[in-house]
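Working notes for the structure below.
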Amino acid sequence: MLYSLARPLLFMLDPETAHELTLPSVRLLQRFGCAGLPGKPIAGTRVKAMGLEFPNPLGLAAGLDKHGEFVDAVAAFGFGFLEIGGVTPLPQPGNPRPRVFRIPEREAIINRLGFNSVGVDRFVENVRRARYDGILGVNLGKNKDTPLERTADDYVACLEKVYPIATYATVNVSSPNTKNLRALQQAGELGAILAQVTKARERLARTHKRRMPLAVKIAPDLDDEQIAGVAAALVEFGIDAVIATNTTVSRAGVRGVPHGDEEGGLSGAPLRALSTAVIRKLAAALKGRIPIIGSGGIMSVADAREKLDAGATLLQLYTGLVYRGPGLVREIVEGLAAPAARAA
């Protein structure tokens with residue numbers, strides 16, 4: 001209800017400015033007990049994956065809380081798990097503004113944020129102040145100035161710092177806004193990175209007496225051969241989950257509309273079918289050996305069910321919140337748990 005009143009005002013603002021106002025406002029409303037949010041995970045279908053038990057299958061995708069400043073605020077939406085970040089080893093400002101563009105006619109967003117980050121040390125400090133005790137994923141990125149051949153060093157540096165405060169970590173090799181990053185999804189390059197990251201994970205597991213699950217986030221713009229190569233690398237290196245997918249560089253569905261030709265990654269409704277197709281192909285290649293976290297264009301219960309039917313075990317959303325508000329979380333979780341949805 002509150003969001004339906006606030007949305008017209010927020011949409012009058014630059015998207016990034018609106019984002020910067022919304023989460024502090026939610027946090028303030030929570031403190032006064034008038035946010036109108038569930039405040040804890042919404043009861044739904046419990047899911048076991050990555051050696052973890054999720055209270056419901058719907059999670060927050062990385063990008064909404066990039067700096068770990070609003071963990072408690074976004075947890076109050078009722079998600080079964082959260083993923084925050086991406087975080088880079090050193091602070092970096094990202095790309096110049098404007099760098100986020102709404103396309104309301106298509107329920108889409110284009111962003112070219114460029115891994116703006118407070119750096120991993122500040123990020124960890126922020127997360128430590130949160131009271132949230134649920135499943136928390138951290139999305140790991142590389143600094144813009146790190147040579148591509150040293151990318152694994154950035155992932156390992158972040159993993160070392162977030163290991164004590166995260167439930168799982170995601171190696172993000174699919175952001176379209178870091179030059180050449182997506183080239184790391186080629187089987188050979190991905191294998192080289194995962195070899196170093198998993199080696200570090202085993203060392204850290206001995207130190208912390210806990211083996212942290214690792215996920216890899218991939219692009220929706222891979223061809224069939226690339227998807228097969230990614231699947232093989234994930235299995236070879238014992239990765240615990242794959243997130244399909246990140247944003248797309250395709251402009252199908254937004255051509256000819258205002259901001260449709262902006263550079264960056266496209267998310268929202270136009271991404272739905274493309275990401276679902278990747279999930280279906282991944283599921284065929286993985287044959288149940290690794291769970292898939294479906295993300296991209298989830299705007300309704302039907303969209304969520306489509307991804308589960310394609311082979312996803314868990315789900316994530318972000319852009320749907322911008323267009324539908326926090327109530328979308330309850331709508332999807334309860335809709336998926338309803339007997340009619342389970343029988344469909």
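The values are calculated or read from the model by the stated rules, or taken from the named source; none is laboratory data. As the structure is a computational prediction, the values presented were derived from the model and not from experiment. Virtual Cβ from ideal backbone geometry, glycine too; neighbours counted across all protein chains shown.
Descriptive notes on the structure:
- Condition check for MET12: hydrophobic (A, V, I, L, M, F, W, C), over 20 Å from the mean Cα position of the chain (by Cα) and at pLDDT 95 or above: yes
- Summed over segment 240-263, residues that are without any contact (Cβ under 8 Å) to a residue 60 or more places away in the chain and surrounded by fewer than 20 Cβ atoms within 10 Å (Cβ to Cβ) total 6.
- Some residue of segment 210-226 being surrounded by fewer than 16 Cβ atoms within 10 Å (Cβ to Cβ), within 19 Å of VAL156 (Cβ to Cβ) and either of a type in the set (Lys, Arg) or touching a Lys or Arg at 6+ places or on another chain (Cβ under 6 Å) (or both): yes
- So ILE298, is it of a type in the set (A, V, I, L, M, F, W, C), assigned to a loop (DSSP other than H, G, I, E, B), under 15 Å from the mean Cα position of the chain (by Cα) and crowded, with 19+ Cβ neighbours inside 10 Å: yes
- Number of positions in segment 1-49 that are of a type outside the set (Phe, Trp, Tyr) and not in a helix (DSSP H, G or I): 21
- Count of residues meeting criterion [in contact with a Gly (Cβ under 6 Å, 6 or more places away or on another chain) and without any contact (Cβ under 8 Å) to a residue 40 or more places away in the chain] in segment 68-93: 1
- Of all residues in segment 213-228, those that are in contact with a helix residue (DSSP H, G or I) (Cβ under 8 Å, 6 or more places away or on another chain) and under 21 Å from GLY63 (Cβ atoms) total 7.
- Comparison of ALA169, ALA205, ALA231 shows that the only residue that is more than 20 Å from ALA62 (Cα to Cα), touching a helix residue (DSSP H, G or I) at 6+ places or on another chain (Cβ under 6 Å), modelled with pLDDT of 95 or more and not in a loop (DSSP other than H, G, I, E, B) is ALA231.
- Failed item in (1) in contact with a helix residue (DSSP H, G or I) (Cβ under 7 Å, 6 or more places away or on another chain); (2) modelled with pLDDT of 95 or more; (3) surrounded by 14 or more Cβ atoms within 10 Å (Cβ to Cβ), with GLN185 passing the rest: (2)
- Among the residues of segment 22-39, the ones that are closer than 19 Å to LEU60 by Cβ and exposed (fewer than 13 other Cβ atoms within 10 Å of the Cβ) come to 1 in all.
- Scanning segment 212-239 for residues that are touching a residue at least 60 places away in the same chain (Cβ under 8 Å) and of a type outside the set (Val, Ile, Thr) yields PRO213, ALA215, LYS217, PRO220.
- Matching residues, segment 119-153, being basic (Lys, Arg), closer than 27 Å to ASN180 by Cβ and over 21 Å from the mean Cα position of the chain (by Cα): ARG150
- Test: residue in segment 144-165 that is farther than 25 Å from PRO93 by Cα, polar (S, T, N, Q) and buried (at least 17 other Cβ atoms within 10 Å of the Cβ): no
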